[in-house]
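A quick write-up on the structure given underneath.
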Amino acid sequence: MKKIIFFVLNLSLCLNLISQKADFKAAEKFRSDNITSRIGDLSVNPNWIEESDLFWYSYKTSSGKKFYYVDAQARSKQLLFDSRYMASELKKLTLHPYNELDLPVKELKFEKKSTTKFTFQVDSIRFLYDMNTRRLVIKDTVGKEKKPSWASYSPDSTWIAYAKNHNLFLMKTGDKDSAEIQLTTDGERYYSFAGSSNTEDTAKNIKVRARVSWFKNEKKFYVIREDERKVKDLFVIDVLSNPRPKLESYRYSMPGEEFVPQPELIIFDVASGKRTDVDLKKWKDQTISIAWSSQKDADKLIAIRKDRPLKNLDVCLVDAETGKVSVLFSEEAWPYFNNEYSRLSVLNEGGDIIWWSERTGWGQLYLYDKTGKMKRQITDGYFVAGRINHIDTLSRILYFEAFGREEGTHPYYSMKYKASLDKPGMSLVTREPANHSLSMSKSSKYFVDTYSTVDSEPESVLRDNNGNIILNLEKADLSQLYQMGWKMPQTIKVKAKDGVTDLYGVMYTPFKLDSTRKYPVISYVYPGPQTESVPCQFTATGGKNIALAQLGFVVVNFGHRGGSPQRSNYYHTYGYDNLRDYALTDDVYGLEQLSELYPFIDIERVGIYGHSGGGFMSTAAILSHPDFYDVAVSSAGNHDNNIYNQWWGETHDGVEEVEKKVKVKTDVKKDTLDLKVKMDTTIVKQDTTIVKKETEKAEKAFRAGINKNQDLAKNLKGHLLLVHGDIDNNVHPGNTLRVADALIKANKRFDFMMLPGQRHGFGNATAYFDRMMWYYFAEHLLEDYRTNVDLTDF
């Protein structure tokens with residue numbers, strides 16, 4: 001009897017293992033493209049009506065799309081119009097039927113100085129509607145002509161600036177080409193005033209968009225022109241171009257290269273055509289950006305210049321009339337400036353300057369006066385102040401987001417706060433532990449907030465400026481999702497390899513999870529360092545993760561030290577000078593902890609995948625930890641950051657400033673004597689000749705060297721699929737091909753797929769790539785080798 005029971009138990013176990021086939025039907029059912037129609041709107045986007053505390057919004061649920069009108073002061077909400085009535089009135093006027101559940105209303109705008117009359121567009125007709133009388137009339141027809149893409153209009157559309165033959169031109173709106181004013185003559189390819197100096201149109205007497213930014217009063221505009229004439233070319237080949245493949249070339253500077261773009265600032269006066277070249281030169285290979293231009297008089301702007309290693313910057317005041325530059329204040333950072341949150345805001349025409357800095361180790365806000373003297377620190381503490389959402393200029397109150405201030409709250413939730421520019425302290429105005437948004441009325445009395453987490457439904461509310469909820473607006477309708485069998489993912493928290501740092505993430509499981517079974521685990525990764533690609537608010541798809549989990553996997557997505565800039569300077573710069581390897585041990589250690597916390601995770605079957613930086617990391621993982629990871633799918637990976645863009649590699653891995661000896665030839669005078677004897681007289685003639693003398697001179701240069709994946713090729717033991725688009729002009733296909741070459745030379749078996757005609761995001765090949773990834777993980781983690789599954793039937 002015992003033998004029979006033992007046999008039955010073993011047979012049951014074997015059948016259980018055999019039955020672990022990939023559920024392709026479920027994966028296809030929950031792929032992003034297939035559930036979009038099951039989801040309505042997830043947030044309220046208010047359209048505030050001029051200076052009032054009134055706004056309108058549209059919101060779509062399973063019952064249809066409706067338009068609402070809200071009076072914040074009265075705390076009231078009503079329909080902007082009855083959709084059935086509006087559909088009927090449209091039919092009367094146009095003779096065309098319209099679906100009252102999804103009216104194709106667009107370009108809805110309230111009339112100036114009116115809070116009850118508005119216009120909107122349906123098809124090519126613009127209508128006017130009066131809310132009081134419920135009268136709908138045709139106002140006019142909308143021409144199919146759109147503003148030309150080459151035109152940079154002044155703020156009130158009086159003037160148009162554009163480029164032609166690499167030079168800058170100006171004309172009044174509506175004028176003929178004969179009235180155009182040529183402002184420059186020194187433009188040329190790769191030193192152009194055009195938005196893109198690489199396009200052939202810029203040199204063919206064809207109008208193209210210029211690098212123009214207007215002052216608000218449109219008396220002046222400025223251009224940042226880049227000299228790329230010495231920057232080297234990079235190439236991709238569009239093999240699908242007809243009638244024959246086409247070579248596409250573009251200027252592309254790489255880490256440590258001698259020649260990189262050289263920016264310059266030029267200001268133009270519209271009335272006189274006067275050109276002012278601003279001398280901002282300070283550091284070799286510096287970058288410049290414009291943080292602010294005067295709103296009233298077009299007399300000044302604020303520029304920020306940074307050195308090439310991104311460790312020093314100057315905030316400079318530029319006189320727009322003379323081009324004179326004065327440094328307001330300077331700052332030094334280590335190891336580099338946080339470009340994601342480093343911002344400058346200006347009030348009172350330059351009278352107050354708000355600056356973000358990590359000088360304490362946490363990003364905080366500081367107030368400076370117009371001379372560059374620091375007046376006070378606005379925020380203070382061991383948290384990160386994020387982006388400014390709104391400034392109440394009359395009350396001098398700042399509304400902004402911050403991360404990690406509230407004890408026990410997820411440190412990546414965008415919580416909203418208010419603080420005075422003149423008094424100490426800050427107060428929380430969104431108290432729910434969730435990711436929040438903020439859209440404030442111009443009066444600064446009310447704001448709309450949509451908040452959610454990955455495991456809670458989005459809610460939209462109207463609050464006063466102290467954060468009190470005065471009106472519930474909407475809650476997302478997920479009824480059709482639930483009807484499909486969809487379930488919320490789960491938030492997770494593990495420790496980093498140091499044993500003390502908390503890492504946060506999300507876990508996706510099959511909706512038909514059997515907790516008594518073992519499931520392979522797949523880690524979706526993106527290492528940063530400029531962001532952690534981990535959702536903190538509601539997501540119906542989790543990118544590719546919910547669909548992938550339905551095959552029969554546990555898919556996890558958590559951060560790693562060196563990722564998010566929403567935490568301390570130490571945390572987000574942890575990977576500096578170690579760009580390839582810094583996140584790997586945290587991923588391994590985190591997966592091991594999850595298998596201890598959740599017994600249904602099979603730590604003996606581990607996959608990893610990612611795109612771009614995630615493609616880089618997933619390949620590095622399977623090559624650095626070949627006994628841990630079994631399968632990796634790496635798409636569009638920047639595997640060799642020495643041939644990726646200069647900014648990325650030099651910022652996050654570092655660039656060394658060195659002295660370089662260069663040979664210089666100089667002209668040197670040399671005297672010679674020519675002696676001639678004639679009869680008894682000796683004639684002496686002296687000649688002076690010029691010769692070239694070669695000497696050595698020390699010049700400043702930069703050097704970079706970043707660890708690359710191909711150096712690890714010999715370590716491959718598991719299954720690796722490399723994928724790239726053949727015309728990817730962001731991460732060049734050479735990144736993946738170099739890894740393929742190294743694997744071939746190491747005599748390793750791997751899989752490789754080049755997607756024809758695809759850029760970095762894979763475009764219309766995304767669905768195909770998704771399914772190939774499903775097949776790959778199913779084959780090597782579930783041993784499901786079915787090749788005849790037609791996923792397009794699901």
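The values are calculated or read from the model by the stated rules, or taken from the named source; none is laboratory data. The structure displayed is predicted, hence computed values, not measured ones. Note that each Cβ is placed from the backbone with ideal geometry, even for glycine, and that neighbours are counted across all protein chains shown. Just so you know, the surface numbers come from the protein's heavy atoms only, side chains and all, with ligands and any DNA or RNA stripped out. Shrake-Rupley method; radii C 1.70, N 1.55, O 1.52, S 1.80 Å.
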Lys745: which aspartates and glutamates have alpha carbons under 20 Å from its alpha carbon, excluding same-chain residues fewer than 8 sequence positions away? Asp640, Asp711
For segment 305-329 and segment 98-121, distance of Cα centres in Å: 46
Per residue, how much accessible area does the chain show when a 1.4 Å probe rolls over the protein heavy atoms, in square angstrom? 48
If Lys and Arg each add +1 and Asp and Glu each add -1, what is the summed charge of the other residues whose beta carbon sits under 13 Å from the beta carbon of Asp102? +3
Residue-ordered couplings for segment 429-441, obtained by feeding phi - 60° into the Karplus form 6.51 cos²θ - 1.76 cosθ + 1.60 and rounding to whole Hz (Gly and Pro as x), are 10, 10, 8, 5, x, 7, 8, 10, 10, 8, 10, 9, 5
Net charge within 13 Å of Lys495 by Cβ-Cβ distance, Lys/Arg positive one each and Asp/Glu negative one each, not counting Lys495 itself? -3
Which percent, nearest 5, of DSSP beta bridges in the chain are antiparallel? 85
Residue among Met773, Ser149, Ile643 farthest towards the positive dipole end of the chain, charges placed on Cβ: Ser149
For segment 366-475, the Cα-Cα pair-distance distribution in 5 Å bins from 0, as whole percents, is 2, 12, 22, 23, 19, 12, 6, 3, 1, 0
For the chain, build the charge dipole from Cβ charges (+1 Lys, Arg; -1 Asp, Glu) around the Cα centre, then report which of Phe558, Val327, Pro255 sits farthest towards its positive end. Val327
Just tell me which lysines come within less than 16 Å, Cα to Cα, of Lys230; anything on the same chain fewer than 8 places away is out. Lys284
Output ³J(HN,Hα) for segment 713-721: one whole-Hz value per residue in order, computed from phi by the Karplus curve 6.51 cos²θ - 1.76 cosθ + 1.60 with θ = phi - 60°, and x for Gly and Pro. 3, 5, 7, 4, 10, x, 10, 10, 10
For the chain, give the magnitude of the charge dipole about the Cα centre (Cβ charges: +1 Lys/Arg, -1 Asp/Glu; no others), in debye to the nearest 20. 940
Using modelled amide H (1.01 Å from N, peptide plane; none on Pro or chain starts), what sits under 5 Å from the amide H of Thr501, excluding residues fewer than 5 places away? Ala496
For Gln73 and Lys660, calculate 0.36 nm times their separation in residues minus their Cα-Cα distance, and state this gained length in nm to one decimal. 204.6 nm
Excluding same-chain residues fewer than 8 positions from Lys176, which aspartates and glutamates have a Cα within less than 18 Å of its Cα? Glu145
With N denoting the number of residues in the chain, provide Rg(C-alpha) divided by 2.2 N^0.38 Å, to two decimal places. 1.14
Around Asp784: net Lys/Arg minus Asp/Glu count, Cβ-Cβ under 11 Å: -1
³J(HN,Hα), Karplus 6.51/-1.76/1.60, whole Hz, each residue of segment 280-295, x for Gly, Pro: 9, 5, 8, 10, 5, 6, 6, 10, 9, 8, 9, 8, 6, 10, 4, 8
Give the long-range amide H neighbours of Tyr191: residues separated by 5 or more places, or on another chain, with amide H under 5 Å away, using H modelled in the peptide plane at 1.01 Å from N. Glu228
Of every hundred units of 1.4 Å-probe accessible area on the chain, the number belonging to carbon and sulfur atoms, as a percent, is 49
Whole-Å distance linking the alpha carbon centroid of segment 48-76 with that of segment 425-503 is 20
May I ask which of Lys282/Lys373; Lys219/Lys375; Lys445/Lys475 have a Cα-Cα span longer than 25 Å here? Lys219/Lys375
Would you mind pulling out the separation of the Cα centroids of segment 513-527 and segment 588-627, in Å? 10
